[in-house]
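Report on the following structure.
The values are calculated or read from the model by the stated rules, or taken from the named source; none is laboratory data. Because the structure is predicted, anything quoted here is derived from the model rather than measured. Positions of Cβ are generated from backbone atoms using ideal geometry, with glycine treated the same way; all protein chains shown enter the neighbour counts. With ligands, DNA and RNA removed, areas are computed over all heavy atoms of the protein, side chains included. Shrake-Rupley method; radii C 1.70, N 1.55, O 1.52, S 1.80 Å.
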Amino acid sequence: MSTQLNFAAIIYDNDEQAVDQLLHKVAATLNQRGDRVAGLSMVLNEHGLRREPMALQDLETGQEYSIAQNLGKESQSCCLDPRGLADATSVIRGLLEQPPKLAVVNRFGQQEIGGNGFRAEFVQLLAAGIPVLTVVKRKFLSQWHDFGGETAVDLPFSEAAVLHWCDGVLRGQ
């Protein structure tokens with residue numbers, strides 16, 4: 001199997017796109033087919049968008065990890081809670097012990113670009129040969145390509161396209 005197929009991101013434009021719902025749906029579809037998909041995705045609200053305050057959900061257990069801190073209504077700062085994010089990384093690190101057929105990591109974003117967030121876990125999963133699916137906001141596309149190099153695959157915001165990529169990776173193992 002080509003390593004170029006092991007690392008993909010669904011590219012999305014804005015937070016009004018239901019990219020997290022798509023990630024959940026793809027994981028559920030693959031798990032229902034018997035392909036173990038595990039990792040983290042954003043907790044969804046009733047509209048299929050990421051819930052506020054932000055939280056991550058373990059796709060296997062349903063456990064939630066709060067990743068937001070309350071900075072007050074007038075704050076313009078990022079509300080991401082680094083401690084909550086660090087707690088959630090244990091789910092991804094656990095995948096190294098019991099590798100799934102596909103790992104889902106909720107985002108490659110500002111934290112990962114800065115060397116934090118799930119950056120180390122992305123590297124560890126890929127080094128272990130575990131295929132990874134994530135999402136990347138279009139404004140971070142060049143940083144995504146810098147990080148993933150030739151192994152980074154861009155997927156359109158399309159359930160069919162994402163499942164097609166997943167099927168190729170899962171059947172190639």
- Rounded, prolate or oblate: which fits the range 1-61 when a ≥ b ≥ c are the square roots of the eigenvalues of the alpha-carbon gyration tensor, with rounded for a/c under 1.5 and prolate only if a/b beats b/c? oblate
- Note on the structure: Matching label for the computed Cα extents along the principal axes in Å, out of [x] 40, 32, 31; [y] 50, 33, 31; [z] 42, 32, 28, is [y]
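Could you look at the range 29-173 and say what percent of its accessible area is carbon and sulfur, using a 1.4 Å probe and all protein chains?
C and S atoms contribute 48 percent here.
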- Determine the calculated [θ] at 222 nm for the chain from helices alone, applying -39500 (n - 2.57) to every DSSP H run no shorter than 4 residues and normalising by the residue count; nearest 500 deg cm²/dmol. -11500 deg cm²/dmol
- Hey, what's the chain come to in accessible area per residue, 1.4 Å probe, Å²? 50 Å²
- Item | Net dipole in debye of the chain [+1 Lys, Arg Cβ; -1 Asp, Glu Cβ; about Cα centre; nearest 20] | 200 debye
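Sum up the charges of everything whose Cβ sits under 14 Å from the Cβ of GLN124, counting Lys and Arg as +1 and Asp and Glu as -1, but leave GLN124 out. Intermediate results must be reported in sequence, preceding the final value.
Working: positive: ARG93, ARG119; negative: GLU97, GLU112, GLU121.
For residues surrounding GLN124, the net value is -1.
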- Note on the structure: Between VAL135 and residues 5 or more places away or on another chain, the pairs with built amide H atoms under 5 Å apart involve ILE10, ARG107, PHE108
